[in-house]
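Novice: Handing you this structure, nothing more for now.
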Amino acid sequence: MPKSDARDAPLASTVEPPRAQRLRDYATQVLAVAGADVTKLRHDPMELLTRAVQPVLWLLLFGEVMAQVRGLSTGDLHYLDFLSAGILAQSVLFVAIFYGISAIWERDLGVLHRYLVSPAPRSALVIGKAISASVRGLSQALIVYLLALLIGVGIDLNPLHVIGVVAIIALGAGLFATLSLIIACIVKTRERFMGIGQVLTMPIFFASNAIYPLSLMPAWLRAVSQVNPLTYEVDALRDLMLINGVAQYGLLTDFGVLIAVSALLTAIGARTYARMAY
């Protein structure tokens, strides 16, 4: 047999390993799904404008009134500063928690069947939709940041902290969007989904530290808040977003809880999404 030419060795070393190729394909599939959903947002910018109304009302009306309540202790933070991080988390929650209805529309229009017959792993579809929800969440962050600066909230504009806020918003939006997708896959009708979404939103919001400190809660509600992912999202935002903010649980714990819950919901969502068409 002829000896292999030494000139072939460099060529062999440039062949991409199968695992790297699979990871690249997976990332491409995730971004394709996310890009398709973000394109819908570009065609309907009015959605962003209508979503802006809610944080404006909470900060300008609710915040200004509650800031006059002397018994509402928020430590070293002015109440509007304390509230701004909670309203940002709330705005992201409200955007994400109804995201699952898009899956029901896709099933009715036949888009879901095309997703399911594609070679993309189900987890890539779920993560792609979570990323799309994160883009919507970031648009809410821009609105809250601008409004907070206008009303004199002590916003921390340190670039590293801003990057941290972006990461937390992406995690929070993706987490609640995936939860919403799971609910949509189970109920499968728009009417049931809207009812359940409305039932879930208020308990998740009020059983957190978004608008009042945990110390004011009764013991049973404090226990509920400690298993509520929104509590950890608000805690991290309050530390990263505000000049005088401090994380009660610590940023490592906040990120760890959000990542762990997101991973669990993604695994569940990948299984339920595959059954959505049936």
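The values are calculated or read from the model by the stated rules, or taken from the named source; none is laboratory data. Since this is a predicted model, take the numbers as computed values, not measurements. FYI the Cβ positions are ideal-geometry reconstructions off the backbone, even for glycines, and counts take in every protein chain you see.
Novice: Can you tell me which residue within the stretch 194-214, out of those that are part of a helix (DSSP H, G or I) and either out of contact with any helix residue (DSSP H, G or I) (no Cβ under 8 Å at 6 or more places or on another chain) or aromatic (Phe, Trp, Tyr) (or both), is modelled with the lowest pLDDT?
Specialist: By that ranking, first place goes to Gln198.
Novice: Given (1) in a helix (DSSP H, G or I); (2) closer than 30 Å to Leu125 by Cα, identify the lone condition not met by Ala223.
Specialist: (2)
Novice: Among the residues of the stretch 146-165, which ones are of a type in the set (Val, Ile, Thr) and within 13 Å of Asp239 (Cα to Cα)?
Specialist: Matches in the stretch 146-165: Ile155, Val162, Ile163, Val165.
Novice: Return the total of residues in the stretch 102-134 being under 20 Å from Thr201 (Cα atoms) and surrounded by fewer than 18 Cβ atoms within 10 Å (Cβ to Cβ).
Specialist: Total satisfying the criteria: 0.
Novice: When residues of the stretch 249-278 are filtered for being at pLDDT 95 or above and among the aromatic types (Phe, Trp, Tyr), how many remain?
Specialist: Qualifying residue count, the stretch 249-278: 1.
Novice: Taking Asp235 as the residue in question, decide whether it is free of Cβ contacts under 8 Å to residues at least 60 places away in the same chain and buried (at least 21 other Cβ atoms within 10 Å of the Cβ).
Specialist: yes
Novice: Could you list all residues from the stretch 142-181 that are surrounded by fewer than 23 Cβ atoms within 10 Å (Cβ to Cβ), in a helix (DSSP H, G or I) and either touching a Phe, Trp or Tyr at 6+ places or on another chain (Cβ under 8 Å) or of a type in the set (Gly, Ala, Ser) (or both)?
Specialist: Gly164, Ala167, Ala170, listed by residue number.
Novice: In the stretch 69-89, is there at least one residue being surrounded by fewer than 20 Cβ atoms within 10 Å (Cβ to Cβ) and among the hydrophobic types (A, V, I, L, M, F, W, C)?
Specialist: Yes, the conditions are met somewhere in the stretch 69-89.
Novice: Something else now. Among the candidates Glu106, Glu191, which residue alone is assigned to a helix (DSSP H, G or I), of a type in the set (Asp, Glu), at pLDDT below 90 and out of contact with any Leu (no Cβ under 6 Å at 6 or more places or on another chain)?
Specialist: On inspection, the qualifying residue turns out to be Glu191.
Novice: Scanning the stretch 242-261 for residues that are buried (at least 22 other Cβ atoms within 10 Å of the Cβ) and in contact with a Gly (Cβ under 9 Å, 6 or more places away or on another chain), which turns out nearest to Ala167 (Cα to Cα)?
Specialist: Here the answer is Leu258.
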